[in-house]
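Engineer: Okay, here's the structure, questions in a sec.
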Amino acid sequence: MERVKRRLLKQAVADNIDTIRGLPPRNVRPAHRFVQLWLRRSPLLLMFLTLAGSTYLASDPTPARDTIAPAKIVLTRAPRSSVSLASIDSTPIDSAAFPLSVRRVVIDAGHGGNDPGATSIQHVTEKEVTLDVALRLKTLLVKHGFEVVVTRADDRPIALRDRARLANESDGDIFVSIHVNSIEKHISSHGIETYYLGATSDPSLTKLAADENRMSGYSVADLHKLVERMYADARRDESHRLAASIQQELYGNLRASDRGLENWGVKRAPFIVLVATEMPAILTEIGCMSNDAEAEMLHRAEYRQHVADALFQGIRAYASAADAPQKKGS
Amino acid sequence: MAEILHVGIDLGTSRSAISASNGERFVVESFVGWPADMVAKKVLKRSVLIGHDAVSNRTMLDLHRPLERGLLKEGSEKDVEAVRELLKHLLGLVGVSANGKVDAENVRAVVGVPAAALRTNKQYLRNAMKGIVDSLLIVSEPFAVAYGLDALLHTMIIDIGAGTTDFCVMKGRYPTEEDQRTLTVAGDSIDAQLLKLIEERYPQANVTIFMVREWKEKTSFVGAAPEKIVVTAPVKGVPTDLDITNEMKAACETLVGPVVETMLDLLAKVEPEFQERVRNNVILSGGGGLIRGLPEALEDALKTVGGGKVKYMEDPVFVGSDGGLALALDAPDGDWEKLS
């Protein structure tokens with residue numbers, strides 16, 4: 001037993017030293033050796049490599065045994081060959097593999113810094129929830145080959161016009177702004193709603209827009225001009241489709257885990273971030289802080305992951321639909 | 001020359017424990033909270049709260065559970081900070097601090113973390129813990145448990161924690177990927193399920209996840225009900241007795257299926273000649289092991305493959321940190337120098 005203990009301890013220490021040195025985990029490394037073995041033995045694979053990596057092979061015709069660099073090359077190439085490496089799924093997905101017309105998504109986590117947004121009685125703040133959901137959504141999108149720009153990646157205040165400017169400058173294909181509602185009359189009920197740009201005659205929406213537009217740095221006159229200019233914009237149809245897609249997935253997916261969740265639908269409202277952005281843009285209210293049960297749910301990381309999943313589904317649904325007609329045209 | 005203090009730390013999703021070579025042992029709940037605003041800071045008179053302290057003051061706090069679901073969330077500064085605070089707090093409890101009895105420079109720490117965390121963000125974890133102690137060895141929690149119990153050969157550890165259930169078959173080597181499994185069906189998922197079931201049965205009752213967790217820790221069971229489980233919760237503001245026997249059973253039993261399935265699957269992967277020995281050496285640790293009837297339910301499942309024995313740790317709280325301490329004491333000086 002003492003001998004076993006000593007050996008195990010040695011292996012544990014070695015494992016930690018590897019980590020300190022930044023080496024890949026041991027469970028990956030035997031796979032390298034396995035692939036190298038295959039390479040040396042299989043002429044078929046060598047032929048493939050000659051095609052795929054002729055420059056590398058020309059400079060070094062026999063795969064080196066001891067250097068790490070060749071092993072890395074093997075690792076990235078191998079999944080394309082027939083060698084079974086299903087256990088290694090860390091190869092990043094190349095976005096070029098998916099000819100999406102929606103490639104770059106701008107995610108806007110509402111509020112931030114000295115502007116906490118809505119606050120629940122449990123002291124869950126809107127800025128934290130939106131940031132957390134935004135980062136989770138980002139991870140999902142990146143994993144599925146999208147490029148992602150976030151307007152904020154930490155807790156800091158960013159003016160609304162700067163958010164829109166950032167979105168425009170980064171050439172985003174779509175803009176998704178994440179917010180959490182807090183409506184006094186909705187203490188006992190809670191729901192999800194998604195906005196795209198448009199005029200509204202509902203006074204409560206005007207108030208909501210006013211709340212979210214605070215600190216925007218735009219004057220009322222500016223806003224009117226902007227809104228008027230934008231109303232005719234064709235991107236409104238796209239924004240509407242995006243809003244509908246996201247709303248549908250959000251409600252559809254969250255209904256199961258959040259009992260009593262209401263579908264408040266897709267609405268139009270003149271939020272600044274929707275006005276000033278130049279791409280299809282929506283603002284989604286993923287929940288309702290004023291409802292205690294909902295605030296409690298939003299407090300849970302698990303539920304926020306659900307929200308991010310649903311948002312991702314919505315974006316993906318929109319993206320694949322946006323892609324389809326284009327393919328027919330070309 | 002100052003004396004060197006060896007410590008073993010079990011950084012769990014729900015509870016964290018420390019065992020030190022000076023004989024001190026402590027356990028805290030893995031919650032870290034920062035006052036949510038200036039008012040809270042004034043009321044609490046502290047800049048950070050840890051453990052039970054944090055849970056009981058949660059309404060005033062920005063509350064974090066850094067290893068929720070068994071992982072340290074990358075990119076979340078607050079969670080990294082929470083891990084650091086938790087470590088500092090634990091070390092402070094055994095006398096390590098800037099002006100305490102022991103200087104951090106003379107501490108050698110073995111930290112056991114959920115197997116899933118170690119697998120996915122080893123580097124990240126190490127960086128998160130940097131600078132708190134001089135020498136640091138990070139190991140997977142089931143390994144620390146196995147080491148502490150001398151159960152290093154032909155044993156299966158099933159560690160049912162809050163965020164994850166970790167499985168590890170010890171084959172006399174440092175566990176590799178294929179020796180370990182992680183399920184997210186664990187204490188937290190039982191809590192969520194139980195809360196849902198109670199809310200469905202008593203829609204008027206006002207029940208929080210924290211209340212549910214407390215009830216579960218006291219009365220969890222699977223199989224035949226050992227007694228009627230009645231709890232008190234406000235219904236429309238009036239404290240009312242609620243019978244939650246069926247809900248408790250249903251919620252706890254969500255664990256049985258996945259655990260049995262994974263256990264049998266891992267068993268099937270053990271070399272045939274050793275399978276019987278492993279079957280007779282299944283060790284249940286973690287808070288989930290306290291669920292009444294669970295060892296029996298697992299033994300029932302083992303009957304389908306020839307029968308076996310499931311043992312439950314008498315002292316589940318410190319089994320991980322004690323294992324870590326044993327590792328810390330056993331590691332030669334030369335190794336520690338490499339780990340600083």
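Taken together, the values in this text are just the output of simple stated rules run on the coordinates, not laboratory data. The structure displayed is predicted, hence computed values, not measured ones. Heads up, the Cβs are rebuilt from the backbone with ideal geometry, glycines too, and the neighbour counts pull from every protein chain shown.
Engineer: Give me the distance in nm between label points sitting 7 Å out from Cα along the Cα-to-Cβ direction at residue B:276 and residue A:169, one decimal.
Structural biologist: Modelled inter-label distance: 7.3 nm.
Engineer: I've got another one for you. Hey, got the average number of other protein chain Cβ atoms within 10 angstrom for residues in A:115-127?
Structural biologist: Taking the mean over all residues of the peptide, I get 2.
Engineer: Going through the cross-link list A:5/B:309; B:45/B:122; A:138/B:216; B:171/B:338, which pairs have a Cα-Cα distance over 28 Å in this structure?
Structural biologist: Beyond 28 Å between Cα atoms: B:45/B:122; A:138/B:216.
Engineer: Kindly give Rg over Rh for region B:174-310, based on alpha-carbon atoms, with the Kirkwood expression for the hydrodynamic radius.
Structural biologist: 1.07
Engineer: Moving to a separate point now. Where does each of A:246-256, B:138-148 land if you order them by average Cβ count within 10 Å, highest first?
Structural biologist: Per-residue mean Cβ counts within 10 Å order the peptides as B:138-148, A:246-256.
Engineer: All other residues with a Cβ under 12 Å from the Cβ of residue B:304 taken together, and with Lys, Arg as +1 and Asp, Glu as -1, what is their net charge?
Structural biologist: The answer is -1.
Engineer: Going Cα to Cα from residue A:267, which aspartates and glutamates come in below 13 Å? Please leave out same-chain ones fewer than 8 positions away.
Structural biologist: Straight-distance partners of residue A:267: A:193, A:202, A:237, A:285.
Engineer: Take residue A:20 and residue A:114, extend 7 Å from each Cα along the Cα→Cβ direction, and tell me the distance between the two endpoints in nm.
Structural biologist: With each label placed 7 Å out from Cα toward Cβ, I get 4.5 nm.
Engineer: Another question, then. Students often forget the sequence filter, so: which aspartates and glutamates lie under 18 Å Cα-Cα from residue B:42 once same-chain residues fewer than 8 apart are removed?
Structural biologist: In chain and number order, the partners are B:53, B:62.
Engineer: Indicate, rounded to the nearest 5 percent, the antiparallel portion of the DSSP beta bridges found entirely in chain B.
Structural biologist: Bridges in chain B are about 60 percent antiparallel.
Engineer: Let me ask something else. For residue B:204 and residue B:264, compute 0.36 nm times the residue count separating them, minus their Cα-Cα distance, and round to one decimal in nm.
Structural biologist: Gain on stretching residue B:204 to residue B:264: 17.4 nm.
Engineer: Per residue of B:165-177, what is the mean number of Cβ atoms on other protein chains within 10 angstrom of that residue's Cβ?
Structural biologist: Taking all residues of B:165-177 together, the mean is 3.
Engineer: Once you average over the residues of A:14-22, how many Cβ atoms of partner chains fall within 10 Å of each Cβ?
Structural biologist: 5
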